[in-house]
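These notes are about the structure you will find just below.
The values are calculated or read from the model by the stated rules, or taken from the named source; none is laboratory data. Computed from a predicted structure; not experimentally measured. Neighbour counts are summed over all protein chains in view; Cβ atoms, including those assigned to glycine, are modelled from backbone coordinates with ideal geometry. Remember, those area values only see protein heavy atoms, side chains included, never the ligands or the DNA or RNA. Shrake-Rupley method; radii C 1.70, N 1.55, O 1.52, S 1.80 Å.
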Amino acid sequence: MKKVLLVFTLILLLTLVACSGSPRLPELSGQTEVEVTQTLSDLDIQFNIMYIESNTIETGYFISYDIVNVGDRVDSETVVIVYIADNGYLLPDLTGETEADVIATLDELGITYEILYEHNYSLSDYAFSRYEMYNANENVPKDETLQVYITWNGSFLPDLSSMYRSQIEAAMAYDFIQNYTFEYIINDNMPEDLFSNYDGYEAGSPAVEEGMITIYLYKNTFTNSMSALFISKYLDGENNDRAIELYNPTDQSIDLSYYHLSIFTNGSYEETFRIELSGMLTAQETYLIVYGGSKQELLDKADNVSNRLFYDGNDVIQLRYSNETYIDTIYALGETLFIMEDELFIRNEDTVVGSRTFNLNQWDAYVPDYYESFDDGMFPLAKPESFTIDSEYLQNTFGSLLVSGMIEVTPSTINDGDTIAFTPGFTQDKRVRFLGVDTPETYPIIDPWGLEAKAFTTSVVEAGTVFYLQSDPELGTNDTYGRTLAYVWVDGVMLNYELVKNGYSFNYLSSESRIIFEHRYLFRWFQDAEKYASEHELGIHS
């Protein structure tokens, strides 16, 4: 027992000796933060300073210790909390001050602040409007950022974060901001045309009406060289037939794992579907992606079957690189017009690279069941330059309500450029009015190009030997005057089409027509004919 008491006594003595060497907390009342710091550091006391408000102690002076008291001993492991008074800054009355005056005053007081802008139609632009959460002559804590509102009664610069150029243009137009320009920053890690920053402005700043506002966008170094891979075919077919074909026009293989398809439906700027690609696409070869619900004949040709290949005629489809830069596109983001629907569209044979700007003129339309166009080696595909009589229509009865049919006739009387009487059976009130055209009149008033159109029709008919009429069940067989509606063939050439192509009539053929020549609907041939006449300034286009 004596031995135990001796040990206990020894431990107690050692503890007392150790404690007697620990410093005592000094009285710090009346000392500034600098003096407090010096005093405690000289005593080797560990401490942290915290700031609190006080109704009795002046800002910057000692208030108290936390938990411990004056005179307490503290060992080297203890961290003492010291409270210093921080009653903030007394806010000045800035009524009537300009933005420049506000900045100068707050800077002089050492107040941390943020300038914000708001509409206040009772004040002029750039005048002080208000403090947020505080009033003049109130204290704001030193560690708080003060929000100060300045008046601006015009437009504010919108937040363009995550927007691309087309979205930015729409956002600026919405806010009636026109005095802006784009400049590019090279960065291959960011998508091209994505917003980077304003030059010297922040979102929410006044959209100044004088001078230009510069908006920086990202640009990639590789878009020109790597955009060689492009979309070569687009199918929006019957029922669920959908397909996208890619083509590699280069002389080297392309690693498709660096690319993907992004689909944006119904005008969305957010990606709706994404289709990852894989494998190597060899030079001058195609890669076909087919929707999983398509016909088996189409699925059999696929390199990639995906249930995400879901779109209709107004959805945006983009071929994108791994950094989200699109290198080829069908439609522009935000568009909702139905343009490419219910047909197969094949890129012009002279297309050699993709385009970040959609151009419908780069595409030729074909019937949607032209599946053989997806066979290997079927791109580039030369668009047929002409068409002639299809023997299938010769086997059908003219005037059928179900199918297009033909009948051989002999011309009788040429009334004008788009009306002729034929025998047997198509004379007088039943004479033929050409489908898809409306040449200028020759009676009772002679319209410009009316006589020329009649002369063209006359020359073709007088030189002809074999004549056929062809009916169109979708457009009917008679007009409101009882005249017969038909396509007129002269020695294997459709006269209606030639009138449009030579500029003697605009194209009036309805897209309701389903007659097909060379895998293309007839109304597409008429559209091309009008385009040809317009580009060459022929006849009424001169």
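Over the range 53-118, what is the mean sequence separation of C-alpha contacts under 8 Å (at least six apart), divided by residue count, expressed as relative contact order in percent?
For the range 53-118, the relative contact order is 33 percent.
From the P(r) of the range 435-514, could you give the percentage of C-alpha pairs in the tail past 17 Å?
Value for the range 435-514: 51 percent of Cα pairs lie more than 17 Å apart.
At a probe size of 1.4 Å, how large is the accessible area of residue 201, to the nearest 10 Å²?
Accessible surface of residue 201 is approximately 70 Å².
Do you know the relative contact order of the range 323-411, to the nearest whole percent, from alpha carbon pairs under 8 angstrom that are 6+ apart?
23
Have a look at the DSSP beta bridges in the chain and tell me what percent are antiparallel, nearest 5.
Of the beta bridges lying entirely in the chain, close to 75 percent run antiparallel.
Take the solvent-accessible surface of the protein heavy atoms, probe 1.4 Å, and return the percent of it on the range 462-522 that carbon and sulfur atoms account for.
46
Roughly how many Å² is the accessible area per residue of the chain, as a whole number, for a 1.4 Å probe?
52
To the nearest 0.05, how large is the calculated FRET efficiency for residue 170 and residue 535 if R₀ is 51 Å and r is the Cβ-Cβ distance?
That pair, residue 170 with residue 535, gives E of 0.95.
What is the percent carbon and sulfur in the accessible area of the range 45-191, measuring with a 1.4 Å probe over the protein chains and ignoring ligands?
Here it works out to 48 percent.
Which GluC sites (Glu not before Pro) does the range 478-542 hold that lie in a coil by DSSP with at most 11 other beta carbons within 10 Å?
Sites meeting the loop and neighbour criteria: 512, 537.
Would you pull out the residues with amide H under 5 Å of residue 521's amide H, same chain only if 5 or more places away, H placed 1.01 Å from N?
The answer is 367.
Expressed as a whole percentage, what fraction of the accessible surface of the range 334-447 belongs to carbon and sulfur atoms when a 1.4 Å probe is rolled over the protein heavy atoms?
Here carbon and sulfur together make up 49 percent of the probe-accessible area.
Please give me the summed charge of the neighbours of residue 446: other residues whose Cβ is under 13 Å from its Cβ, Lys and Arg +1, Asp and Glu -1.
Local charge sum for residue 446: -3.
Probe radius 1.4 Å, ligands and nucleic acids left out: which of 407, 317 has the largest accessible area, and how do the rest follow?
My answer, sorted largest first, is 407, 317.
Volume per residue, Å³, of the convex hull around the alpha-carbon atoms of the range 100-144?
Enclosed volume per residue, from the Cα hull, is 90 Å³.
Using the Cα centre as the reference, give the magnitude of the dipole from point charges on the C-beta atoms of the chain (Lys, Arg: +1; Asp, Glu: -1; all else neutral), rounded to the nearest 20 debye.
That gives the chain a dipole magnitude of about 1300 debye.
By how many nm would the segment from residue 462 to residue 35 lengthen if fully extended, with 0.36 nm per residue of separation less the alpha-carbon distance?
Residue separation times 0.36 nm, minus the Cα-Cα distance, leaves 142.1 nm.
How much length is gained on full extension from residue 54 to residue 337, taking 0.36 nm per residue of separation minus their Cα-Cα distance?
My answer for the length gained is 95.2 nm.
In whole percent, what relative contact order does the range 125-274 give with Cα contacts below 8 Å and a gap of six or more residues?
In percent, rounded to a whole number, it is 16.
Quick one: net charge around residue 235, please, counting Lys, Arg +1 and Asp, Glu -1 for every other residue with C-beta under 9 Å from its C-beta.
-2
Dipole of the range 65-149 (Lys/Arg Cβ +1, Asp/Glu Cβ -1, origin at the Cα centre): which of 129, 103, 70 lies farthest to the positive side?
70
Would any residue of the range 297-327 have its amide N under 15 Å from a label point 7 Å out along Cα→Cβ of residue 255? List them or say none.
From the range 297-327, the list is 321-323.
Can you give the charge dipole size of the range 82-202 about its Cα centre, rounded to the nearest 20 debye, using +1 on the beta carbon of Lys and Arg and -1 on the beta carbon of Asp and Glu?
Using Cβ point charges on Lys, Arg, Asp and Glu, the range 82-202 gives about 200 debye.
For Cα extents along the principal axes in Å, pick the label among (i) 140, 72, 40; (ii) 89, 63, 61; (iii) 74, 55, 42 that corresponds to the value derived from the coordinates.
Computed from the coordinates, Cα extents along the principal axes in Å corresponds to (i).
Relative to the longest principal axis of the chain, what angle (0 to 90°, nearest 10) does the C-alpha long axis of helix 33-42 take?
60
Which value, in Å² and to the nearest 10, is the accessible area of residue 182 when all protein chains are kept and the probe is 1.4 Å?
30
With loop defined by DSSP as not H, G, I, E or B, and exposure as at most 16 other Cβ atoms within 10 Å, which is the longest segment of the chain clear of exposed trypsin sites (Lys or Arg not before Pro)?
357-513
So for the range 203-330, taking the charge dipole from beta-carbon charges (+1 Lys/Arg, -1 Asp/Glu), which of 244, 259, 272 sits furthest toward the positive end?
259
When Lys and Arg each count +1 and Asp and Glu each count -1, what net charge do the other residues less than 14 Å away from residue 216, Cβ to Cβ, add up to?
-3
Excluding ligands and nucleic acids, what accessible area in Å² is computed for residue 446 using a 1.4 Å probe, to the nearest 10?
Probe radius 1.4 Å; accessible area of residue 446 about 100 Å².
When only the heavy atoms of the protein chains count and the probe is 1.4 Å, how do 280, 133, 190, 406 rank by accessible area, highest first?
Sorted by accessible area, descending: 133, 280, 190, 406.
Would you please give the FRET efficiency between residue 356 and residue 392, computed as 1/(1 + (r/R0)^6) with r the Cβ-Cβ distance and R0 = 45 Å, to the nearest 0.05?
So, using R0 = 45 Å, E works out to roughly 0.60.
Give the distance, in whole Å, between the Cα centre of the range 37-102 and the Cα centre of the range 332-378.
Centre-to-centre distance over Cα atoms comes out at 72 Å.
How do 33, 108, 192 stack up against each other in accessible area, from largest to smallest, with a 1.4 angstrom probe?
I get 108, 33, 192, largest accessible area first.
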